[in-house]
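Participant: For reference, the structure I am asking about is given below.
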Amino acid sequence: MESRYNPAEIEEKWQQVWAEQGIDDTPEEQNKPKFYALSMFPYPSGSLHMGHVRNYTITDVIARVRRMQGYRVLHPMGWDAFGLPAENAAIDRGVHPAKWTYQNIAQMRAELKRLGLSYDWKREVATCSPDYYRWTQWIFLEFLKAGLAYQKEAAVNWDPVDQTVLANEQVDSEGRSWRSGAKVERRLLRQWFLKITDYAEQLLTDLEKLDGWPDRVKLMQENWIGKSTGAEVYFQTEMGDALTVFTTRPDTLWGATFMVLSPEHPLVETLTTAEQADQIKAYQAEAADKSEIDRTAEEREKTGVWTGSYAINPVNDQKIPIWIADYVLMGYGTGAIMAVPAHDQRDFEFAKTFNLPIQVVVQPADQPLDSETMTAAYPGDGAMVNSGPLNGVTAGKGANQSVDVAINWLEANGKGKRMVNYRLRDWLISRQRYWGVPIPVIHCPSCGIVPVPEVELPVRLPEEVDLSGRGASPLAKLESWTNVPCPSCGTPATRETDTMDTFIDSSWYFLRFTDATNEQQVFNSAKANDLMPVDQYVGGIEHAILHLLYSRFFTKFLRDRGLLSIDEPFQRLLTQGMVQGLTYMNPNKGGKDKWIPSNLVDPANPIDPQTGEPLERLYATMSKSKGNGVAPEDVLTKYGADTARMFILFKAPPEKDLEWDDADVEGQFRFLNRVWRLVMEFAERQPSSGTAPSPASVNNSLTNAEKDLRYAIHYAIQQITEDVEEGYQFNTAVSELMKLSNALTDAKCKDSPIYAEGIETLLRLMAPFAPHITEELWHSLARPGSIHQQAWSTYDPAALVVDEISLVIQVNGKTRGTIPVSAQASKAELEAYARESELAQRYIADKAIKKVIVVPGKLVNFVVA
RNA sequence: GCUGCUGUAGCCCAAUUGGAAGAGGUGCUGGUCUUAGAAACCAGAGGUUGUGGGUUCAAAUCCCACCAGCAGUACCA
């Protein structure tokens, strides 16, 4: 045998052949069932990292299996190509964002191709391309038409040094800008929003339809949407101003002894009396200055200031003081609460701190509460007391219980009404940045906001732009671009200079893939309805809320605009775990210095190169700052794509974190070498046409060695098919491939047609995992066509029937040994064999048998005194 | 603090869902081969299934409590 396994040679060869033959293009045959496999598309940051490799390999295996199973598979790839890093590269290095981005795309595309990922490259999209963002703008105009895109004043994160708005995730935990390091200010600015709150209820209830999603992702979305049911209640201030609160416990209204407003509440100024003004102002300033972290710090003492004013409790006309406190958030409910210290822990703490009255209105059955002596709020069940019309009603949220009765009473008396409140806020999509989709509207002094006419789309980003990084939005400074006539009346007007949040771009890309080159429409509805929903979506857990929620929102919106007939975009979701690298830490150092890059450390003697101190070894998510990354390039060069793919699939179940281990990578390379030798040896010996026998012609005529091998083959088919279809247990699937390979190596019947069947089956089952080596070996067997166009193997149940099993003999649950019995033996026969067995006799002797448990195919257990 | 996930051989991980604790890999030890090593092949050792209790004929698996690690979330009225 001459040829050695040389991945570098065969991988490039087959990648070219496949591309020329277009075998990964999405088939058109409508008689085949469709399957849409999708990985979350990457931001083109420069080069692939291992997290990408893992993500795309998982999806690729799924896509390849489905192809072999006869589906017409859509498996596309694209680029989430707008965003800040490109703009920062321009600021720091003077490269135009477009140039930087397209260079990165070219490099990463090449890397993806080296991995042998079976993409339909004809559908590639980049969100920064005018062909794509033209339709992003078109969708925005649909939102505008539907009244779901609007402008309003909002408090945003403002960086006073860089003179720009920052997203929440660009502000660190100390409230500083990630770029300038300046303390971020809250500033009121006029911004664009999408009315996602209109879809809050659907986004919540439709989670039930997503049984292919991990529970924890659904739970996170549920918490994010944050539905609570209750009532709004109309209070009035002593001076007659309306003051509405939201509460989930309107039944405890009679126990409200004060009110609390958020420091930012618009009524605070009106309510503040002259004597309290200084204190209130000081408190407001303090609250404004505090970062979110400070305000929500653990175990914080309650703080607040009395406004000097009172409100009237609408249910009993009691005069109650109005305070402000930062534990009431302007962003939730109405920014004002009624405080019921007896039955709400926060209100209780506040009342205790400021010596405010406590009124019990729910009495538990066993231990009556005393407002004087209670040490914590009582949120539990009981009977209503001191509550006028509610007295005696059972406290609770059920029908005819206190909450329900209270709401009916409020509605009947015009003092409130039933209300559902959501934590979910409308989506702020404005960004004062250059490298994003221009919002396609024009501000006209006489017509107001005028959408750019559809025929004029896309509103292109100007190429000549000053990206020095300081001052206002780069687009706002570009007068030649902003000054345009109003499309409606022709008077001089200005373009909107905000660009869109890049999450908009990724909220519909999966739809564009179904019709990626359409120049007339955002996508053809028939095509989208045919290929959608995505049958399997694979990506990181970090998108559990934002991207997935936004995409669900877009899908529902486009459905309501008549463009789609589906409710949910992603049928099944797999969130893959992180890739962790071997990491060295100096426990004596703090901050970022404690991470010692692995290229500076001798693995045999891990010490700090600067101080000589011993280092701790651990596994942590690969990152630049820890210096623990492994570059996919290096692995591909050393071992090839097939080894990298096999290792990643084998090392851990897909949803769990994966520890990168060079020794295990070697192990996979060894396995591929073993398969290579196994098949090449066979290829040299095989008869000119080594076709496998048909199942009908086998079984009875087989030798024991052949029967055993055939069992191993069909067991592998059964197990691997199960692993790749159901739980995506690729780690165990690979282990089954190894077992089959071992069985073939050990087989005593290498000239039998069963052996040929085994070799072919191994290659077919392994093809989705290691596409290059299996293709090469397939051709070395002189088999026709590409292995990737072969049908997925199906198992013959007859091959899995065994004649004899080992029956476990237990006495009092303890295993005492096994006896061989016929696999077909009945329950009674099994018991009889077991009783007669020497094993049982030895352990039971003359003891009385109290009970016998017989589990067919498994064991017999004697319970003795 | 709350919620969720995880804990099995030195390490990564399996275990037909309650039925003999072990599939696969890695590492380790020994052997074959070799002048020697590497590679390859063969063989072997390695366990209180995080801890304690409970249910059961039988528990890694189900229930309760606790411990450890990871993740999410945090005054949401």
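Participant: Answer yes if at least one residue in the range A:138-146 is assigned to a loop (DSSP other than H, G, I, E, B) and either at pLDDT below 85 or surrounded by 15 or more Cβ atoms within 10 Å (Cβ to Cβ) (or both), and no otherwise.
Facilitator: No: zero hits.
Participant: Which residues, counting only those in the range A:586-614, are polar (S, T, N, Q) and either under 21 Å from residue A:660 (Cα atoms) or without any contact (Cβ under 8 Å) to a residue 24 or more places away in the chain (or both)?
Facilitator: Scanning the range A:586-614 gives A:586, A:598, A:599, A:605, A:610.
Participant: In addition: Find the residue count for the range A:844-864, including only residues that are more than 56 Å from the chain's Cα centre (by Cα) and open to solvent by 40 Å² or more (accessible area, probe 1.4 Å).
Facilitator: So the count comes out to 5.
Participant: Let me ask you something else. Go through the range A:434-445 and report how many residues are open to solvent by 30 Å² or more (accessible area, probe 1.4 Å) and either outside any strand (DSSP E or B) or assigned by TED's automatic domain parsing to the domain that holds residue A:88 (or both).
Facilitator: Within the range A:434-445, residues that are open to solvent by 30 Å² or more (accessible area, probe 1.4 Å) and either outside any strand (DSSP E or B) or assigned by TED's automatic domain parsing to the domain that holds residue A:88 (or both) number 1.
Participant: Within the range A:375-391, track down each residue that is among the hydrophobic types (A, V, I, L, M, F, W, C), surrounded by 15 or more Cβ atoms within 10 Å (Cβ to Cβ) and in a loop (DSSP other than H, G, I, E, B).
Facilitator: A:377, A:385
Participant: Please go through the range A:315-342 and give me each residue that is out of contact with any strand residue (DSSP E or B) (no Cβ under 6 Å at 6 or more places or on another chain) and over 10 Å from residue A:261 (Cα atoms), ordered by number.
Facilitator: Of everything in the range A:315-342, those that are out of contact with any strand residue (DSSP E or B) (no Cβ under 6 Å at 6 or more places or on another chain) and over 10 Å from residue A:261 (Cα atoms) turn out to be A:315, A:316, A:317, A:318, A:331, A:332, A:340, A:341, A:342.
Participant: Name the residue, out of A:469, A:448, that is surrounded by fewer than 16 Cβ atoms within 10 Å (Cβ to Cβ) and either under 27 Å from residue A:93 (Cα atoms) or at pLDDT below 95 (or both).
Facilitator: A:448
Okay, residues lined up against (1) within 15 Å of residue A:802 (Cβ to Cβ); (2) near RNA strand B (Cβ under 10 Å from one of its atoms):
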| residue | (1), (2) |
| --- | --- |
| A:705 | yes, no |
| A:710 | yes, no |
| A:717 | no, no |
| A:728 | no, no |
| A:734 | no, yes |
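Participant: Report the residue count in the range A:525-578 for those that are touching a Phe, Trp or Tyr at 6+ places or on another chain (Cβ under 6 Å) and β-branched (Val, Ile, Thr).
Facilitator: Adding up the residues that qualify gives 2.
Participant: Yes or no: residue A:755 within 23 Å of residue A:62 (Cβ to Cβ), more than 10 Å from RNA strand B (Cβ to nearest atom) and among the aromatic types (Phe, Trp, Tyr)?
Facilitator: no
Participant: Which condition from (1) part of a loop (DSSP other than H, G, I, E, B); (2) closer than 19 Å to residue A:144 by Cα is the one that residue A:463 breaks?
Facilitator: (2)
Participant: Of all residues being out of contact with any Phe, Trp or Tyr (no Cβ under 7 Å at 6 or more places or on another chain), open to solvent by 60 Å² or more (accessible area, probe 1.4 Å) and more than 7 Å from RNA strand B (Cβ to nearest atom) in the range A:293-309, which is modelled with the highest pLDDT? Just the residue, please.
Facilitator: For the range A:293-309, the residue satisfying everything is A:301.
Participant: How about the range A:745-789: which of its residues are surrounded by fewer than 23 Cβ atoms within 10 Å (Cβ to Cβ) and in contact with a Lys or Arg (Cβ under 6 Å, 6 or more places away or on another chain)?
Facilitator: Of everything in the range A:745-789, nothing turns out to be surrounded by fewer than 23 Cβ atoms within 10 Å (Cβ to Cβ) and in contact with a Lys or Arg (Cβ under 6 Å, 6 or more places away or on another chain).
Participant: Residue by residue through the range A:472-506, note down the ones that are hydroxyl-bearing (Ser, Thr, Tyr), touching a Pro at 6+ places or on another chain (Cβ under 7 Å) and farther than 19 Å from residue A:90 by Cβ.
Facilitator: If the condition is that a residue be hydroxyl-bearing (Ser, Thr, Tyr), touching a Pro at 6+ places or on another chain (Cβ under 7 Å) and farther than 19 Å from residue A:90 by Cβ, then A:491 is the only one that fits.
Participant: Does residue A:681 satisfy being touching a residue at least 24 places away in the same chain (Cβ under 8 Å), open to solvent by 60 Å² or more (accessible area, probe 1.4 Å) and in contact with a strand residue (DSSP E or B) (Cβ under 8 Å, 6 or more places away or on another chain)?
Facilitator: no
Participant: Quick one: how many residues across the range A:594-622 are surrounded by 15 or more Cβ atoms within 10 Å (Cβ to Cβ) and either assigned by TED's automatic domain parsing to the domain that holds residue A:45 or in a loop (DSSP other than H, G, I, E, B) (or both)?
Facilitator: 6
Participant: Please go through the range A:627-670 and give me each residue that is within 12 Å of RNA strand B (Cβ to nearest atom), in contact (Cβ under 8 Å) with a residue 24 or more places away in the chain, over 23 Å from residue A:601 (Cα atoms) and buried (at least 21 other Cβ atoms within 10 Å of the Cβ), ordered by number.
Facilitator: Residues satisfying the conditions are A:643, A:646, A:648, A:649, A:650, A:651, A:654, A:668.
Participant: Return only the number of the condition from (1) over 25 Å from residue A:512 (Cβ atoms); (2) surrounded by fewer than 18 Cβ atoms within 10 Å (Cβ to Cβ); (3) among the acidic types (Asp, Glu) that residue A:131 does not satisfy.
Facilitator: (1)
Participant: Identify, please: which residue in the range A:333-367 is touching a Ser or Thr at 6+ places or on another chain (Cβ under 8 Å), under 21 Å from residue A:268 (Cβ atoms) and open to solvent by less than 30 Å² (accessible area, probe 1.4 Å) and is, among those, farthest from RNA strand B (Cβ to nearest atom)?
Facilitator: By that ranking, first place goes to A:356.
Participant: Looking at the range A:807-817, which of the residues that are open to solvent by 80 Å² or more (accessible area, probe 1.4 Å) and within 6 Å of RNA strand B (Cβ to nearest atom) is farthest from residue A:850 (Cα to Cα)?
Facilitator: The extreme case among them is A:815.
Participant: Suppose we filter the range A:188-218 for residues that are of a type outside the set (Asp, Glu), loosely packed, with under 13 Cβ neighbours inside 10 Å and farther than 30 Å from residue A:438 by Cβ; how many remain?
Facilitator: Qualifying residue count, the range A:188-218: 3.
Participant: When you look at residue A:520, is it over 25 Å from residue A:427 (Cβ atoms), of a type outside the set (Phe, Trp, Tyr), away from RNA strand B (no atom under 16 Å from the Cβ) and open to solvent by less than 50 Å² (accessible area, probe 1.4 Å), yes or no?
Facilitator: no
Residues are listed down the side, and each one gets a yes or a no for (1) within 16 Å of RNA strand B (Cβ to nearest atom); (2) at pLDDT below 90:
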| position | (1), (2) |
| --- | --- |
| A:791 | no, no |
| A:841 | no, yes |
| A:862 | yes, yes |
| A:865 | yes, yes |
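Participant: Then there is this: Looking at (1) more than 27 Å from residue A:186 (Cβ to Cβ); (2) without any contact (Cβ under 8 Å) to a residue 60 or more places away in the chain, which is the one condition that is false for residue A:308?
Facilitator: (1)
The values are calculated or read from the model by the stated rules, or taken from the named source; none is laboratory data. This is a predicted model, so every value here is computed, not measured. Cβ sites come from the backbone with ideal geometry, for glycine too, and all protein chains shown count toward neighbours. For the accessible areas, the whole protein counts, side chains as well, though only heavy atoms, and no ligand, DNA or RNA atoms are used. Shrake-Rupley method; radii C 1.70, N 1.55, O 1.52, S 1.80 Å.
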